[in-house]
Amino acid sequence: MAPRLAFTEDNALRIAAVERAFAPSGKSLSKPGRVLVGEGRLMKLCRRSLQPKMFFLFNDIMVYGSIVVHRLWYKNQHIIPLEDIIVEDLADSLEMKNQWLLRTPKKSFYMSAASEKEKQAWICRIMECREQQLISSRKEPTTSFATTWIPDRASHICMRCADKFTVTQRRHHCRQCGFVVCNSCSKCRIVIPAISKKPVRVCTLCFNTLLCEKAKEEAGKRSSDGFDLEMPVYEASSDEDSDEREEDDMMPIRWVKSQNIYHPKNTCFAYLE
């Protein structure tokens, strides 16, 4: 996408600026042929509430992170290959306007923009870049995606045993089904390759289901009496989506200006020069 921009000094400077903003913990983003297409601040539905996140769309990946100091410092960098992304347009809900669903193999979540035009621009750009990336890389698109987590506030009781949540009875999430569950119903851990190489928290029902699936797979690979099952263990609740400091203003999306890149007319976007 936009080959004439890939090796320009302006593009290199923009990518370097994004790298510095995620320093020192962020990964390098510089790569031959990579183009920063656009950037913007969007709202992401986390487990507790809507949180502002900074998103950067490249021609082959999407990068996002939490805002520490606006335009200067971001943390919790996430990098998603575009071939692993599917976007689903959604109608407005009572709590979220201009929303859509971003699905990936590791995590799926709801997002919203400041306006319908910005939302459609993001969806259009993501799908356009993804299509061109699949053509150029000749990779097969991902077909398996993670379930979306049910927000904490959506349930006051465990969605497995119906026990009420309290100060001491904390909420947790099953990584397989996305249900809000109590600690007693989610003591088990198991490896879900698409999500993590390490064992992750799952509810008892999903644990047993995944074990049955694993047993069937192993039965076809070896003729032993079975395989060793890991004892269920406790896992600390994920703090990946901890509450971040919200800012009052919403920064408009900034897109790279190019004859080869679509950008909608009559919008309030501030284009990259």
Candidate set: segment 176-202, residues that are within 18 Å of SER108 (Cα to Cα) and in contact with a helix residue (DSSP H, G or I) (Cβ under 8 Å, 6 or more places away or on another chain); chosen: the one most open to solvent (accessible area, probe 1.4 Å): GLN176
One residue from ILE85, ILE80 being aliphatic (A, V, I, L, M), without any contact (Cβ under 8 Å) to a residue 60 or more places away in the chain and open to solvent by less than 10 Å² (accessible area, probe 1.4 Å): ILE85
Single residue of segment 100-139 satisfying the filter (free of Cβ contacts under 8 Å to residues at least 40 places away in the same chain and within 18 Å of the chain's Cα centre (by Cα)) that is surrounded by the most Cβ atoms within 10 Å (Cβ to Cβ): LEU102
Some residue of segment 159-177 being modelled with pLDDT under 85 and under 28 Å from ASP84 (Cα atoms): no
Residue that is farthest from LEU50 (Cα to Cα) [pool: residues in segment 140-175 that are open to solvent by 60 Å² or more (accessible area, probe 1.4 Å) and outside any loop (DSSP other than H, G, I, E, B)]: LYS164
Qualifying residues in segment 42-61 (those that are surrounded by 21 or more Cβ atoms within 10 Å (Cβ to Cβ) and in contact with a Pro (Cβ under 9 Å, 6 or more places away or on another chain)) - the one farthest from LEU82 (Cα to Cα): ARG47
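The values are calculated or read from the model by the stated rules, or taken from the named source; none is laboratory data. Since this is a predicted model, take the numbers as computed values, not measurements. Positions of Cβ are backbone-derived with ideal geometry, glycine not excepted, and every protein chain shown enters the neighbour counts. Just so you know, the surface numbers come from the protein's heavy atoms only, side chains and all, with ligands and any DNA or RNA stripped out. Shrake-Rupley method; radii C 1.70, N 1.55, O 1.52, S 1.80 Å.
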